[in-house]
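What follows is one structure encoded as structure tokens, with my remarks underneath.
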Ligand SMILES: C[S@@+](CC[C@H](N)C(=O)[O-])C[C@H]1O[C@@H](n2cnc3c(N)ncnc32)[C@H](O)[C@@H]1O
């Protein structure tokens, strides 16, 4: 790199940049192309970011620059490395502070067209062909293999679940498009309308734990439940649920409550309890089943489903063993078509753990189902059909609270 001392002397301040690394679920990194007519570093693929303003904290620079350049609101990030550089045209020296961006709101878009003329998610093996500087490639190299179910990458962070669901709710609802005409146990799985694990719900009260967007709660009411209450920890999910119920003019209730205590629901107040795809986000499954036992009337039924723990052993191409069965906590990296990626911890309770927690809570297991995956109209959230046809996608339990006990 040539050194132009005169221009350094004329313009001596070192440029201090903050740049962000956004990784999608396939391990690709977001790059922007700097316009050919720019004064500095023209016609270059680089990660988004820019120069600190006078006295600006460099962390604040990252947040501001990504807001200006991509239209996103960075929430959490981590400093990765510093790259020392020299601008080829002017010879000015620069420091690029590189950050891993863990979570953000919004969908990255080209919001500074005067600076960039293209935006692309690039795999590491595309960087050379795009002329990405070697110094940046070296910092990004350890982030390789950030595939959805792979080992932790430098950009992985365990995110609080309530916060994570508040942030991803809109993306999830847009993607899953869950119908409200039947009670579902996940995509590709027979519905409660078919399985009848809770029996005839007409005239009975039902609570849905981890109701998300409320589609099942609404469906229970359509099936004739006397009362249908959906509880969830996420305000955003509950807001979606309330709006959906209002749209469909269905009289259901929603309440913010955590599965682990189901506060403030009174003891023995429901005939049936149901949950679909919530418990893989709940660590304390023992407390959860005790709470369900508490709020059920004697004789009350409980049916729930979650990711089958065997299904969750496979990642990468979907057929590669990536997690031991006995490893409960696992990273859950969930990319959406919108470009939004969420990272959180999921808990893949083993079948023995689930059975023991039900038993210890005083619930009697009636049935355990591992349904064969079938094409169905229950929504759009399971794309890995190949894996689902080899390993059970969903595990379903049906249990009840014995009569005469409280
Ligand atoms: C995959 S969604 C499923 C929602 C809904 N049952 C459905 O089928 O769309 C998981 C939901 O569980 C909720 N959840 C996770 N952990 C929870 C907890 N400890 N207590 C209450 N809700 C929880 C999340 O907020 C989210 O809305």
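The values are calculated or read from the model by the stated rules, or taken from the named source; none is laboratory data. Nothing here was measured: the structure is a model prediction, and the numbers come from that model. No Cβ is skipped: glycine too gets one built from the backbone with ideal geometry, and neighbour counts run over all protein chains shown.
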Looking only at segment 146-160, which residues are modelled with pLDDT of 50 or more and either out of contact with any strand residue (DSSP E or B) (no Cβ under 6 Å at 6 or more places or on another chain) or away from the ligand (no atom under 16 Å from the Cβ) (or both)?
160
Testing residue 102 on (1) crowded, with 20+ Cβ neighbours inside 10 Å; (2) in contact with a helix residue (DSSP H, G or I) (Cβ under 8 Å, 6 or more places away or on another chain); (3) at pLDDT below 85; (4) in the same structural domain as residue 43 (by TED's automatic domain parsing), one condition comes back false. Which one is that?
(2)
Under 7 Å by Cβ, and 6 or more places apart or on different chains, what pairs join a residue from segment 245-260 that is at negative phi with one that is more than 9 Å from the ligand (Cβ to nearest atom) and in a loop (DSSP other than H, G, I, E, B)?
245/252; 248/180; 257/263; 257/265
Identify the single condition in (1) modelled with pLDDT of 85 or more; (2) surrounded by fewer than 19 Cβ atoms within 10 Å (Cβ to Cβ); (3) assigned to a helix (DSSP H, G or I) that residue 79 does not satisfy, given that it satisfies every other one.
(3)
Check on residue 48, closer than 17 Å to residue 135 by Cα, in the same structural domain as residue 22 (by TED's automatic domain parsing), in contact (Cβ under 8 Å) with a residue 24 or more places away in the chain and out of contact with any strand residue (DSSP E or B) (no Cβ under 8 Å at 6 or more places or on another chain):
no
Could you check residue 190 against (1) in contact with a strand residue (DSSP E or B) (Cβ under 7 Å, 6 or more places away or on another chain); (2) more than 10 Å from the ligand (Cβ to nearest atom); (3) touching a residue at least 60 places away in the same chain (Cβ under 8 Å); (4) in a loop (DSSP other than H, G, I, E, B) and say which number it fails?
(1)
Complete set of residues in segment 228-252 that are more than 15 Å from the ligand (Cβ to nearest atom) and surrounded by fewer than 17 Cβ atoms within 10 Å (Cβ to Cβ)
246, 247, 248, 249, 251
Considering only strands (runs of 3 or more DSSP E) wholly within segment 259-352, the ones with at least 1 residues that are farther than 30 Å from residue 73 by Cα and touching a strand residue (DSSP E or B) at 6+ places or on another chain (Cβ under 8 Å) are 270-276, 296-307
Lone qualifier among 224, 199 - being more than 28 Å from the chain's Cα centre (by Cα), in contact (Cβ under 8 Å) with a residue 60 or more places away in the chain and either under 21 Å from residue 335 (Cα atoms) or more than 13 Å from the ligand (Cβ to nearest atom) (or both)
199
Over segment 273-311, the set of residues more than 23 Å from residue 323 (Cα to Cα) and away from the ligand (no atom under 14 Å from the Cβ) is 293, 294, 296, 297, 298, 299, 300, 301, 302
Could you tell me whether segment 125-145 includes any residue that is at pLDDT below 85 and under 14 Å from residue 76 (Cβ atoms)?
no
For residue 340, state whether it is modelled with pLDDT of 90 or more and in the same structural domain as residue 208 (by TED's automatic domain parsing).
no
Does segment 33-45 contain at least one residue that is within 25 Å of the chain's Cα centre (by Cα) and free of Cβ contacts under 8 Å to residues at least 24 places away in the same chain?
no
Quick check: anything in segment 61-70 within 27 Å of residue 346 (Cβ to Cβ) and not assigned by TED's automatic domain parsing to the domain that holds residue 323?
no
Within segment 198-243, track down each residue that is more than 21 Å from residue 260 (Cβ to Cβ), touching a strand residue (DSSP E or B) at 6+ places or on another chain (Cβ under 7 Å) and either not assigned by TED's automatic domain parsing to the domain that holds residue 282 or not in a helix (DSSP H, G or I) (or both).
198, 199, 201, 204, 205, 225, 226, 227, 228
